Amino acid sequence: MERKLAAILAADVVGYSRLMGDDETGTFAVLKSRRKDIFEPLVARHRGRIVKLMGDGALVEFASAAGAVECAVAMQQRMMDANKDLPAHRRIDLRIGINLGDVIADAGDLFGDGVNIAARLETLAEPGGICVSAKVHEEVARKLDLSFEELGEHELRNIPTPVRVFRIRLGGEAPRPKPATLSLPAKPSIVVLPFVNMSGETEQDFFADGLTEDILTELSRFRDLFVISRNSAFKYKGQAISVQQVAKELGVQYVVEGSVRKAGRRVRVTVQLIDAETDRHVWAERYDRQLEDIFAIQDEVTSTIACTLPGRVEAAARDRAARKTPANMAAYECVLAGKVLHHRSTPDDNAEASRLLARALALDPNYAHAHAWMACIFGQAWVHGWCEDRDATWDRVAEELQTALALDDNDSDVHRILAALNVVRGDLDKATYHQERALSLNPNDDLIVVQQGEILTWLGQPEEGIDWIRKAMRLNPYHPERFWNHLGRAYFVARRYSEAVLAFKRITMPDHLHHAFLAASYAQMGDETAAADHVREVLKREPEFTVENYLSTLHYRHDSDLAHHREALLKAGLPA
């Protein structure tokens, strides 16, 4: 066994299985002729050594990178000449990859990453093309009169570090046509490139492709994302092309890349979101799972990615919008900025959010999502009393939602907000209808999923509600803090008081209602001292608080749940 530095050429026949299936005898005869007349003489002329021949490929060792490259160029030119008189479906084309690196020689064969990288580079080459590593490019660029095109860094299967790849432009080859630049859509645009199978196992191709397709399908449910179709995305499968070039060709802002790798009884999925304009990673994550049920893994990873990505895209888009003045914002950006202000839950922010949504609707009166969020903003003003005429404000909430529904019955957010509106109205049946519609339209929206748990709690099914709220938290690890409020309420209704306390204590700035829940939970646990402490906090923040006034704002379907809440609040010592 010997370790040495060598230039390795890996060649492969394009479409070998199809060619053999169409005409096994004829294909074999042509391949044998090409090997005898072209391949073997050129290898010998450039002082190469054929390490091994396979039915559809070959591995060749050279003492120098220049020899390997000169041989490959001559080989492709001769193959091109030999194909001239053949119909397109009978052409014999090669892909060639070349690497310069350490190899291990043993019994005439070669092993190691130096060989593996050459084989991976061959898969990146186009039919009739040659791809080389940066090491080869550095060695021959000044020595040989050839034109190179850099293809960027690529993660190659079973190679621990990315490899910088170059493509050789062959003589007489027409340059790649530059596609027309597409204008960017008004809302965030995204393409999910086919996930790369890095496992070396064919069955993992199906898993990688299925994962890509499922993520595309689930992202398409988010109406505020412009998602490139599967057919367009899969045209880039196996191609060596930069993220920026993909983005330009498709007219998108964001690119999702990913890979799948199987190791023993585990599967690892990596995913990254890239802002193509700045070539900056916005978000990246890795998922390691046991391989007991690969399809269950696919479902879990799909839903997690499909929920998290829109939030990361929205955050990036929000950063863009923050650098603009409202007068220069598009309708989508006005809605985005309005949402941020709405979630701050202050009178001034609510008023500014209302102005931004009004601008969005002036720019696009038929923007259903904007009408839905305008209703949300008016609803917040109504709930907190930040409006002069509560009846007129409530009517405006209903009016905006009906407009949104008429414009787009398939906007999941419209149904989510209608469900919330009907909870406040006390119509839990109608709330359930709209909630189920929202959930069917987009089961990966964490706001819809958490609201499912909230509504189930009002309906007297807190244990199921806990499961849904926990699911929302798993779907979106960056979930808003208020999710802990929903979880704490569900635990309380389920009579799981210690868990309710733990949930409410995750809230960093609790208001008087959070302290009321904590007081009630401690009272039910028999901790009178802790209950009294939280009663004092309630009355310090809201001196006019009474149990009956508070209970009148709640939406329990069952009298028993209302009675349970009343009993716990009074037991804690809060005024009736």
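The values are calculated or read from the model by the stated rules, or taken from the named source; none is laboratory data. The model shown is predicted, which means the values in this text are computed figures rather than measured ones. Cβ atoms come from the backbone with ideal geometry, glycine included; neighbour counts cover every protein chain shown.
Key figures
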| read-out | value |
| --- | --- |
| Residue in the stretch 399-417 that is out of contact with any Gly (no Cβ under 6 Å at 6 or more places or on another chain) and more than 26 Å from Leu225 (Cβ to Cβ) present | yes |
| Residue list for the stretch 122-150, restricted to those being surrounded by 19 or more Cβ atoms within 10 Å (Cβ to Cβ) and assigned to a strand (DSSP E or B) | Ile130, Cys131, Val132, Ser133 |
| Test result for Pro41, surrounded by fewer than 19 Cβ atoms within 10 Å (Cβ to Cβ) and more than 42 Å from the chain's Cα centre (by Cα) | yes |
| Enumerated helices (runs of 4 or more DSSP H) restricted to the stretch 338-445, each holding at least 2 residues that are under 31 Å from the mean Cα position of the chain (by Cα) and closer than 28 Å to Leu456 by Cα | 368-384, 390-407, 412-425, 428-441 |
| Unmet requirement for Val538, which otherwise passes all of (1) farther than 18 Å from Leu562 by Cβ; (2) surrounded by fewer than 17 Cβ atoms within 10 Å (Cβ to Cβ); (3) more than 30 Å from the chain's Cα centre (by Cα) | (2) |
| Any chance Phe545 is of a type in the set (Phe, Trp, Tyr) and more than 26 Å from Leu456 (Cβ to Cβ) | yes |
| Output for the stretch 256-274, where each listed residue is of a type outside the set (D, E, K, R) and farther than 16 Å from Arg289 by Cα | Val256, Gln272, Leu273, Ile274 |
| Whichever residue in the stretch 17-38 is free of Cβ contacts under 8 Å to residues at least 40 places away in the same chain and of a type in the set (A, V, I, L, M) and, among such residues, is surrounded by the most Cβ atoms within 10 Å (Cβ to Cβ) | Met20 |
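Every residue, every condition in (1) modelled with pLDDT under 75; (2) under 30 Å from Gln77 (Cα atoms); (3) touching a Leu at 6+ places or on another chain (Cβ under 8 Å), yes or no:
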site: Val140; (1), (2), (3): no, yes, yes
site: Lys143; (1), (2), (3): no, yes, no
site: Glu153; (1), (2), (3): no, yes, no
site: Pro160; (1), (2), (3): no, no, no
site: Val163; (1), (2), (3): no, yes, yes
site: Ile190; (1), (2), (3): no, no, yes
site: Asn197; (1), (2), (3): no, no, no
site: Thr202; (1), (2), (3): yes, no, no
